[in-house]
Amino acid sequence: MSSEFLWYIPNQINPGHRGDDTVANHNSLDTLTRQAVAVEDSGWTGALIGTGWGRPDTFTVASALAARTTTFEPLIAVRPGYWRPANFATAAATLDHLTGGRVRVNIVSGKDDLAAYGDSDGDQADRYVRTSEFLQLVRRLWTEENVTFHGEHFRVENSTVVPRIDVHDGRTHPTLYFGGASTAAERVAAAEADVQLFWGEPLDGVAERIDRLKTLSESVDRQHRPLEFGLRVTTFVRDTTDEAWRDAEAKVADMSAQQSAVAGEHGPVPENPHRRAAVGQQRLLDLAARGEVLDDNLYTTPGRYGGGGAGTTWLVGSAEDVAKSLRKYEDLGITHFVLSDTPYLREIERQGDQLLPLLRG
């Protein structure tokens, strides 16, 4: 299977996300469209659009960008609880129909400000039972008619989603991506997801998780095509290795200085309460204890100064260095890559010009 390479487009209220350019109208339709068009023109398949309460609605942003592009495939992050599965299945089927099959979906189960949008904050086991039901039901609504489903969290009677999903080259429905590193999350992925996304962990950690998920897929009696695997990571690319490391260390120094300045003016910055609760995020933060640089060029220091999620670890180097590292992940079985760095627009084009041709050979 050939690998696919996607980017990331932020939908944020506040400018300057992860070092992006702080400009007026940073989240206007024109600004985001420029990024989506650049993704398309630079050869990326599409881009992940993140979700979370207090951010612009992801599905609305994705729909607007899809309408202004031709081949751009939005990977739309959604949360069970924010969406009911039948409502979401219908919305996604409609957008998939209007775009000729360009929709991808990333299911997110991590904690959020659930009460703000009327959801309940159940324990982890309960959240993942609900996520499993959401995945099961959405897939069935896209591929079956007159669906009746009675679960612990969701129920539908004789439900048929229209428009029906068109089959394209064996694709029967939008690809369902899923993340999560806890035992409960991995069981859901092994049974119900199409693609398990990993953060930027070292090769040994990713290899261990792939082996475990393949074994889990057998033990949970997976009923779908074999689970595929993806990597979501920051790729910090410059013209030379030395330049990349000089700039990366300078950027981390700026992050440290900003953190110290805020602490000096207002006291310690309160940490996101969900940051360390997530098993996958904690795995990334723990990597710093193993060293500042793991494998050939996986930089762990950003996580000490506020880098979270895909910004916790960076693959640093020339385009050749980073391509070599990504090929090692590919050798482990990774076939879906979601890359990014800031400023987003500049890096879409730089890495599209320098990195993508090396990855695609």
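The values are calculated or read from the model by the stated rules, or taken from the named source; none is laboratory data. Quick caveat, the model's predicted, so the values are computed rather than measured. As a convention, Cβ positions derive from the backbone with ideal geometry for all residues, glycine included, and neighbour counts pool all protein chains shown.
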| request: Collect the residues in segment 16-56 that are at pLDDT 95 or above, at negative phi and part of a loop (DSSP other than H, G, I, E, B), keeping them in residue-number order. | output: Ser42, Trp44, Thr45
| field | Verdict on Val206 being surrounded by 18 or more Cβ atoms within 10 Å (Cβ to Cβ) and farther than 19 Å from Val338 by Cα | value | no
| task | Report the residue count in segment 38-49 for those that are of a type in the set (Val, Ile, Thr) and surrounded by fewer than 17 Cβ atoms within 10 Å (Cβ to Cβ). | result | 0
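Taking the stated definitions as given, is Gly81 farther than 21 Å from Pro10 by Cα, surrounded by fewer than 22 Cβ atoms within 10 Å (Cβ to Cβ) and either modelled with pLDDT of 95 or more or hydroxyl-bearing (Ser, Thr, Tyr) (or both)? Before the answer, list the steps.
Numbers: farther than 21 Å from Pro10 by Cα: yes; surrounded by fewer than 22 Cβ atoms within 10 Å (Cβ to Cβ): yes; either modelled with pLDDT of 95 or more or hydroxyl-bearing (Ser, Thr, Tyr) (or both): no.
Spelling it out, it is not the case that Gly81 is farther than 21 Å from Pro10 by Cα, surrounded by fewer than 22 Cβ atoms within 10 Å (Cβ to Cβ) and either modelled with pLDDT of 95 or more or hydroxyl-bearing (Ser, Thr, Tyr) (or both).
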| task | Identify the single condition in (1) without any contact (Cβ under 8 Å) to a residue 60 or more places away in the chain; (2) surrounded by 18 or more Cβ atoms within 10 Å (Cβ to Cβ); (3) over 25 Å from the mean Cα position of the chain (by Cα) that Asp194 does not satisfy, given that it satisfies every other one. | result | (3)
| request: Could you run through segment 128-147 and say how many residues are touching a residue at least 40 places away in the same chain (Cβ under 8 Å) and not aromatic (Phe, Trp, Tyr)? | output: 10
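Output the residues belonging to segment 92-127 that are part of a loop (DSSP other than H, G, I, E, B) and hydroxyl-bearing (Ser, Thr, Tyr). Step through it out loud before you land on a result.
The initial filter retains those residues of segment 92-127 that are part of a loop (DSSP other than H, G, I, E, B), namely 100-103, 108-113, 118-123.
Hits for segment 92-127 are Ser109, Ser120.
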| remark: Scanning segment 66-91 residue by residue, the ones that are within 25 Å of Ser340 (Cα to Cα) and either out of contact with any strand residue (DSSP E or B) (no Cβ under 6 Å at 6 or more places or on another chain) or not in a helix (DSSP H, G or I) (or both) total 13
| query | Under 8 Å by Cβ, and 6 or more places apart or on different chains, what pairs join a residue from segment 150-169 that is in contact (Cβ under 8 Å) with a residue 60 or more places away in the chain with one that is loosely packed, with under 13 Cβ neighbours inside 10 Å and outside any loop (DSSP other than H, G, I, E, B)? | reply | Val156/Thr148; Ser159/Thr148
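Of the residues Arg68, Arg55, Arg18, Arg104, only one is of a type in the set (Lys, Arg) and touching an Asp or Glu at 6+ places or on another chain (Cβ under 7 Å); which?
Values: Arg68 fails: touching an Asp or Glu at 6+ places or on another chain (Cβ under 7 Å); Arg55 fails: touching an Asp or Glu at 6+ places or on another chain (Cβ under 7 Å); Arg18 fails: touching an Asp or Glu at 6+ places or on another chain (Cβ under 7 Å).
Of the residues listed, the single one that is of a type in the set (Lys, Arg) and touching an Asp or Glu at 6+ places or on another chain (Cβ under 7 Å) is Arg104.
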| message | Please go through segment 227-249 and give me each residue that is among the small types (Gly, Ala, Ser) and closer than 20 Å to Leu356 by Cα, ordered by number. | response | Gly230, Ala244
